[in-house]
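Below is one structure, written out as structure tokens; the observations come after it.
Values quoted throughout were computed directly from the atomic coordinates according to the rules given, and no laboratory measurement underlies them. For clarity, every value in this text was computed on a predicted model and none was experimentally measured. Heads up, the Cβs are rebuilt from the backbone with ideal geometry, glycines too, and the neighbour counts pull from every protein chain shown.
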Amino acid sequence: MDMIRDVAALRQMLSGLEAERLPGVESSFSLGADGPEAGGVRLARGALHEVQAAQSADMPAATGFALALALRALRTAGAGEGRPLLWVRQDLADAEFGRLDAPGVAQLGLDPVHLLLVRARDGAEVLRAAGDAARCAGLGALLIETWGTPKALDLTTTRRLALRAASSGVTSFLLHAASQPAPTAVATRWRVAPAASAPLAGDAPGAPAFHATLLRHRGGEGCVRPVEGGDWKLEWDHEACSFRDLASLPRAVVPVPAGRPDGAAAAEAGRGEVVALRRAG
């Protein structure tokens, strides 16, 4: 019990030191959207947060969501806005999804000049580099991307990362694909999948859209009631650097099989006649 009290006192002291280092900066930040805001969802600064994809096909959406959260933490920090974002990425992520694209990063709202990229061979190296980076108070935010859930990613490792983030004040985000949640010392855990974007005028592609589910929330300043299990569809406004609620599409989205014959040909085929089918594409 004495150890528990000592750890609690240490965390309180570190929180006070961080408040002195960044005067006027709130200890938490919101997503900006009305839905999560109504649920009292706020993310603690100087903490470790987790963004998961249920399967590898959802990783691009989870990556965009994690980067948007990091940008939200940076832009709302005031004193920390000009600090760089450090992204520690496993090599296998490059092999599966390709290297980070500077124009794409810029379209999400991050100037590539403020991005520092560290590539690591495996999950253990990613976590070692992240542990060193989490100590650096000069960073604005830290993004830790592993491929899947490596053995080194356990409760002890995440607790160490969380304590170092609290000491330095660097808000950190752990990004990976995980089919089942594992015990970690994170402040919040999100599961993210892609959502259909609302089309712009002329059927132009809309803003990045996400289906985000809050699996864990340890509470904190601004959390008015339990919000675990909250489920929202959100889109990202890179100009305002804020999420907003995604309006429902005016009609259902129905996938159309590729190479399907047109309606007239299908009708003729239904009467048992031989018809010529046009090749699609």
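Remarks
- Computed over neighbours whose Cβ is under 14 Å from that of Thr146, the net charge equals -3, Lys and Arg +1, Asp and Glu -1.
- In sequence order, the range 106-112 has phi-based couplings of 5, 5, 7, x, 9, 5, x Hz under the Karplus curve 6.51 cos²θ - 1.76 cosθ + 1.60, θ = phi - 60°, and Gly or Pro positions carry x.
- The 3J(HN,Hα) values that the Karplus relation (6.51, -1.76, 1.60; θ = phi - 60°) gives for the range 193-204 are, in residue order, 9, x, 10, 6, 6, 6, x, 8, 4, x, 6, 6 Hz. Gly and Pro appear as x.
- Applied to the range 69-74, the Karplus parametrisation 6.51 cos²θ - 1.76 cosθ + 1.60 on θ = phi - 60° returns per-residue 3J(HN,Hα) values of 4, 4, 5, 4, 5, 5 Hz, with x for Gly and Pro.
- Relative exposure of Glu145, Glu37, judged by other C-beta atoms within 10 Å (fewest first): Glu37, Glu145
- Amide H to amide H, with H built 1.01 Å from N, Ala177 comes under 5 Å of Ala53, Gly148, counting only residues 5 or more places away or on other chains.
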